[in-house]
Amino acid sequence: MATLKETLAQKIEAHRPRTAKLLKEHGDVKLGEVTIAHAIGGARGVRCLVTDTSYLDPMEGIRFRGKTIPETFAALPKYPGSEYPSVESFWYFILTGDIPTAKQADEVIEDFKTRAAVPQYVIDVLRAMPRDSHPMTLFSAAILAMQRESVFVKKYIDGMSKMDYWDPTYEDASNLLAKLPRIGAYIYRMKFRGDTHPHPDSSLDMGGNFAKMMGIDAPYDDVARMYFILHSDHESGNVSAHTVHLVASALSDPYYALSAGINGLAGPLHGLANENVLRWTQAFIEKLGGKEPTEPVIKEALWETLKSGQVIPGYGHAVLRKTDPRYVSQMEFCQKNLPDYPLFKVINMIYQVAPGVLMEHGKAKNPWPNVDAQSGVIQWYYGVTDYAFYTVLFGIGRAIGTLANITWDRALGYPIERPKSVTTAMLEEAAGVNMVAK
Ligand code: CMX
């Protein structure tokens with residue numbers, strides 16, 4: 001049976017003519033018109049990226065390789081004794097589009113074990129940084145510190161055919177992915193759990209081992225599997241994925257690219273929203289001083305946030321126009337595993353109230369919750385109450401999709417990214433207006 005890398009090589013060979021034909025024979029076909037609103041408004045909705053690992057439909061939500069979240073979880077082989085598939089089986093799927101057999105998933109698990117050791121100098125870098133550094137800063141720095149390990153760089157210096165770029169990209173991607181959970185768990189334990197570090201268990205898959213290193217019992221292993229898979233990919237237009245793609249397009253290796261993407265994920269309008277959701281909710285609960293939260297009180301608190309010029313974290317999306325299916329998936333997990341948990345009830349109450357408030361406020365195009373509105377409550381329930389850590393969990397997941405995507409970028413020879421800028425005066429000229437006082 002072919003290994004993941006052999007299967008990937010076959011898929012790449014089969015795919016390359018499709019991209020080449022589109023570019024050569026149909027390069028002039030228009031996908032849309034770029035307007036002044038697009039140019040000023042962060043290129044929202046401009047169709048100018050190609051991503052085969054996932055697609056985000058505004059009304060349906062994410063599909064990984066053509067499958068919805070429930071279809072993905074149902075199709076992938078479950079990790080033995082678990083209700084969720086291993087992250088490694090998902091890596092196989094998102095790279096190739098094929099559902100691996102249990103044996104193929106096992107092979108990836110075994111392969112990752114050989115790559116998982118984190119060099120001591122990375123630990124030294126983390127320990128040398130100020131202990132009050134944000135976990136995302138530590139995470140990004142650890143990834144960047146490992147850049148000297150890049151196989152891509154070594155092969156590039158030796159002189160490699162462009163056709164072969166994907167191979168060392170795949171190696172770097174696999175090495176990185178296998179190490180990230182250890183780095184994440186190390187940061188968590190160093191910063192928030194008295195600098196004590198449970199040993200990894202080499203008999204376990206990524207999710208199981210992560211739970212072990214975090215020091216949290218089952219079903220946190222399933223939480224980790226679910227969480228990493230749910231956060232993996234959201235096509236390539238979001239800040240973290242686009243950054244990884246952009247940086248890698250300069251042939252910067254996957255370490256440089258992922259570290260940069262993690263920095264983008266650390267923004268409060270993107271991944272950091274999961275930290276802010278819990279900060280907001282905890283501040284709200286504290287203010288209640290032991291009183292039962294009610295919908296009118298929540299409504300008042302939401303309005304207070306809006307009136308002070310802040311966003312409601314966990315709500316809204318640049319593409320989605322309905323409740324994020326990643327939110328729904330986590331809500332279903334909560335309904336099953338922690339239905340009566342008070343914090344879950346508060347999060348649910350916010351879900352009942354916030355969309356109406358945002359609609360009345362009249363600004364947000366999407367008043368519905370995104371992935372970040374629901375993720376913190378699960379972590380909190382299992383004892384991870386240090387919400388500054390939450391975006392690292394998102395980052396470990398996001399690495400899966402972005403690294404798969406840049407492996408394909410190199411396979412298909414996508415060039416260095418370089419959109420064209422215009423000046424404000426050029427926009428005014430195109431619009432037939434002149435705002436500059438003479
Ligand atoms: N609370 C208050 N105002 C909001 C809002 C929210 N949750 N969501 C959007 N708005 C506002 C915007 O700030 C914008 O205001 P201005 O016109 O004053 O600039 C207006 O509504 C229109 O924004 P939009 O087109 O609906 O949304 P954008 O595509 O510009 O931004 C996003 C999308 C996610 C950044 C925005 O909805 C937001 O800030 N949400 C809160 C932060 C958050 O949860 N981010 C996580 C997103 C998921 C992720 O990447 O992890």
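The values are calculated or read from the model by the stated rules, or taken from the named source; none is laboratory data. Quick caveat: nothing in here was measured; it's all calculated off a predicted structure. As a convention, Cβ positions derive from the backbone with ideal geometry for all residues, glycine included, and neighbour counts pool all protein chains shown. Calculation scope for accessible area: heavy atoms of the full protein, side chains included, ligands and nucleic acids excluded. Shrake-Rupley method; radii C 1.70, N 1.55, O 1.52, S 1.80 Å.
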Original post:
Once the chain is represented by equal point scatterers at the alpha-carbon sites, with solvent omitted, what log10 I(q)/I(0) does the Debye formula produce at q = 0.12, 0.14 Å⁻¹?
Top reply: -1.05, -1.38
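Cβ under 14 Å from H134's Cβ, H134 left aside: what net charge do those residues give with Lys, Arg +1 and Asp, Glu -1? Could the numbers behind the result be given before it?
Working: positive: R131, K191, R279; negative: D132, E275, D386.
Taking every other residue near H134 into account, the sum is 0.
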Original post:
For H26 and A102, FRET efficiency with R0 = 51 Å and r from the beta-carbon atoms, rounded to 0.05?
Top reply: 0.80
Original post:
With +1 on each Lys and Arg Cβ and -1 on each Asp and Glu Cβ, how big is the dipole of segment 129-214 about its Cα centre, in debye rounded to the nearest 20?
Top reply: 340 debye
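Based on the mean of other beta carbon atoms within 10 Å per residue, what is the order of 23-34, 294-305, most packed first? Don't jump to the answer; show the numbers that get you there.
Values: 23-34: 8.2, 294-305: 15.6.
Going from most to least packed, we get 294-305, 23-34.
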**OP:** Springs between alpha-carbon atoms under 10 Å, Gaussian network over the chain: tell me which of R47, R65, R398 tops the mean-square fluctuations.
**Re:** R47
Original post:
Can you tell which of H317, I378, L278 lies farthest toward the positive end of the dipole of segment 273-381, using +1 and -1 charges on the Cβ of basic and acidic side chains (Lys, Arg; Asp, Glu)?
Top reply: H317
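Carbon and sulfur atoms: what percent of the 1.4 Å accessible area of segment 33-123 do they account for? Before the final figure, lay out each step's value.
On the way: 2540 of 4400 Å².
Percent of accessible area from carbon and sulfur atoms in segment 33-123: 58.
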**OP:** Could you size up the charge dipole of the chain around its Cα centre, putting +1 on the beta carbon of Lys and Arg and -1 on that of Asp and Glu, and report it in debye to the nearest 20?
**Re:** 680 debye
Original post:
In nm, to one decimal, how far is the Y156 label point from the A117 one, both placed 7 Å along Cα→Cβ?
Top reply: 2.6 nm
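If T72, T243 are ordered by their accessible area, calculated over protein heavy atoms with a 1.4 Å probe, which sequence runs from highest to lowest? Mind dumping the intermediate values first?
Numbers: T72 0, T243 35 Å².
Highest to lowest solvent-accessible surface, that is T243, T72.
Once the mean 1/r over all distinct Cα pairs of segment 130-278 is inverted, what Kirkwood radius in angstroms do you read off?
On the way: mean 1/r = 0.0602 Å⁻¹.
Over segment 130-278, the inverse of the mean reciprocal pair distance is 16.6 Å.
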**OP:** Report the full-extension gain for the segment L251 to Y341: residue separation times 0.36 nm, less the Cα-Cα distance, to one decimal in nm.
**Re:** 27.6 nm
Subject >> Accessible area of segment 298-428 belonging to carbon and sulfur atoms, whole % at 1.4 Å probe >> reply: 56 percent
Original post:
What distance in nm separates the simple spin-label points at A431 and R18, each placed 7 Å from Cα in the Cβ direction?
Top reply: 4.0 nm
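On a full-extension model of 0.36 nm per residue, what is the gain between A75 and V125, subtracting their alpha-carbon distance, rounded to one decimal in nm? The partial results should precede the final answer.
On the way: separation 50, 0.36 × 50 = 18.00 nm, distance 4.03 nm.
Taking A75 through V125 to full extension adds about 14.0 nm, to one decimal.
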Original post:
Given the C-alpha centroids of segment 255-322 and segment 375-405, what is the distance between them in whole angstrom?
Top reply: 15 Å
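Add -39500 (n - 2.57) for each DSSP H run of 4 or more in the chain, then divide by its residues: what number comes out at 222 nm, to the nearest 500 deg cm²/dmol? Provide the component values of the computation, followed by the final result.
Numbers: 20 runs with 259 residues, N = 438.
The helix-only estimate for the chain comes to -18500 deg cm²/dmol at 222 nm.
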Original post:
All other residues with a Cβ under 12 Å from the Cβ of I187 taken together, and with Lys, Arg as +1 and Asp, Glu as -1, what is their net charge?
Top reply: +4
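Leaving out ligands and nucleic acids, and using a 1.4 Å probe, what accessible area per residue does the chain come to in Å²?
Details: 20220 Å² over 438 residues.
Counting only protein heavy atoms, the per-residue value for the chain is 46 Å².
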Original post:
Which part of segment 40-67 falls in the paramagnetic zone of V34, meaning amide N under 14 Å from the point 7 Å along Cα-to-beta-carbon?
Top reply: 40-49
Original post:
With r defined as the distance between the Cβ atoms of Q10 and A43 and R0 fixed at 35 Å, what FRET efficiency is calculated, to the nearest 0.05?
Top reply: 0.50
Original post:
Hey, in the GNM for the chain with a 10 angstrom Cα cutoff, which one of Q147, Q335, Q374 fluctuates hardest?
Top reply: Q335
Subject >> Most fluctuating residue given options T51, T423, T323, as computed from a GNM of the chain linking Cα atoms under 10 Å >> reply: T423
Original post:
Any idea how far apart K287 and K307 come out in nm if each label point goes 7 Å out from Cα toward Cβ?
Top reply: 1.0 nm
Original post:
Setting aside same-chain residues fewer than 8 positions from K5, which aspartates and glutamates have a Cα under 12 Å from its Cα?
Top reply: E107, D111, D167, E171
Subject >> segment 273-381: relative contact order in percent, alpha carbon pairs under 8 Å with at least 6 residues between >> reply: 43 percent
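What area, in nm² and to one decimal, does the C-alpha convex hull of segment 273-381 cast on average over all directions? Show your work: numbers first, answer last.
Working: hull surface 25.3 nm².
Projected area, direction-averaged: 6.3 nm².
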Original post:
Using a 1.4 Å probe, how large is the accessible area of M129, given in Å² and rounded to the nearest 10?
Top reply: 40 Å²
Original post:
Given K307/K345; K11/K179; K179/K212; K287/K365, which pairs have Cα atoms separated by over 18 Å?
Top reply: K307/K345; K11/K179; K287/K365
Subject >> Stretchable slack from D386 to I416, in nm (0.36 nm times residue separation minus alpha-carbon distance) >> reply: 6.9 nm
